[in-house]
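Written below as structure tokens is the structure these notes are about.
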Amino acid sequence: MTAGKSRPRLSITIMVEDFFISYIGNTMLNKIGKIKQSAINDIQTIRSLSDLDNYRIKYLARKGLVADLFDELRNVSAEERPHIGKIANELRNQVQSLFDEKKQNLESNVKHEQKRLDLTLPGRLSWVGTQHPLTQTLDEIKRIFFRMGFGIATGPEIEDDYHNFEALNFPPDHPARDMQDTFFISDKVLLRTHTSPVQIRIMENQPPPVRVIIPGRVYRNEAVSARSYCLFHQVEGLYIDEGVTFSELKGTLVAFAKEFYGSDIKYRFRPSYFPFTEPSAEMDITCFLCKGKGCRMCKQTGWLEILGCGMVDPNVYKFVGYDPEKYSGYAFGMGIERITLLRYSIDDIRILFENDVRFLKQF
Ligand code: PHE
């Protein structure tokens, strides 16, 4: 039907849904509906502020579709104008708020974009973690003994009196037990004071030959200070076979010390006492800070004690059922904290347990 344009003033009434409206009024309503639909469709395709400006020109500008509509409103009869005018107003508000909302979105995206791409900001350092100095020391000790053919073993930190003392030849109520201030959990259960009880557990479970190192935590009820802490780490060594001699013990430990501390160190073995070794010794090396001249670290002696050792006492073999006539062997034990403190010239053992990243990231 072409009548709309050529005869705009023709007043016919048609029924739309349940009310009557003039032909012109109906045309206006259709137009409003179309503009509304296209405004909604268009807004979804807009990706930039310049797209949005075109949108504004198309719909909201002085010569835009919405303004046209209000011009045409003049053609609508006086009775219908308030009703259609109201619908036209609603359209204008809707298009305006579609526009406003889009504008806000795009502008905040732009802000984000600018933030994301601020090339003047300093780069963020990615921080790679470091190994704890105790772990580093332990790893190096392990590496050296693995190369010499030692295996590795571990045992429980909660021990019984039998493994920690009795089977290691500490007689009941013998003052030797006082050498190690023990944390007791109950009468016969305790936190192990050294890694030596694992020697017993291994020998209980396998026949000779035995050649292992045993790293682990140990606990002692001592006053906490810069020099001692209630827990620390040891590495135990145990080698048992037919015909093992004291010179093998020395050879192995000297090879270890030269590898670990440097081939130019001097060393000495001093006689000592442990209930589970006979003979027993402690090994010293020349102080690597003053090279033996005497300093604060070695308490002016020129020597640093690095471990305890000895030939496994035949009494121990009786507890584990090894034949002392057939087998012999040696054991040694060293403290990891002590070695680590000396090595890195750290003057307070407590700092190794505080997990302060300012300290740890130096390693
Ligand atoms: N267990 C002893 C200590 O803690 C060290 C040691 C181990 C000595 C093995 C001799 C043999 O002091």
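The values are calculated or read from the model by the stated rules, or taken from the named source; none is laboratory data. As the structure is a prediction and not an experimental result, all values here were calculated from the model. Because the Cβ atoms are built from the backbone with ideal geometry, glycine has one as well, and the counts that use them run over all protein chains shown.
Odds and ends about this structure:
- Leading residue by the ranking (farthest from residue 249 (Cα to Cα)) among those in segment 291-332 that are touching a helix residue (DSSP H, G or I) at 6+ places or on another chain (Cβ under 9 Å) and among the β-branched types (Val, Ile, Thr): 320
- Number of the exception - residue 163 against (1) touching a residue at least 60 places away in the same chain (Cβ under 8 Å); (2) surrounded by 15 or more Cβ atoms within 10 Å (Cβ to Cβ): (1)
- The lone exception for residue 9 - which of (1) modelled with pLDDT under 60; (2) part of a helix (DSSP H, G or I) it fails: (2)
- Being part of a strand (DSSP E or B) and at pLDDT below 90 is not true of residue 24.
- Within segment 139-185, the residues that satisfy the criterion of being within 16 Å of the ligand (Cβ to nearest atom), closer than 30 Å to residue 261 by Cα, modelled with pLDDT of 95 or more and part of a helix (DSSP H, G or I) are 141, 145.
- Cβ-Cβ under 8 Å pairs, at least 6 apart or on other chains, segment 237-262 side within 19 Å of residue 209 (Cα to Cα) and in contact (Cβ under 8 Å) with a residue 40 or more places away in the chain, far side surrounded by fewer than 19 Cβ atoms within 10 Å (Cβ to Cβ) and of a type in the set (Lys, Arg): 238/211; 239/211; 240/211; 241/211; 242/326
- Within segment 316-363, tally of residues that are assigned to a loop (DSSP other than H, G, I, E, B) and of a type in the set (S, T, N, Q): 3
- Single residue of segment 224-273 satisfying the filter (surrounded by 14 or more Cβ atoms within 10 Å (Cβ to Cβ) and among the acidic types (Asp, Glu)) that is nearest to the ligand (Cβ to nearest atom): 236
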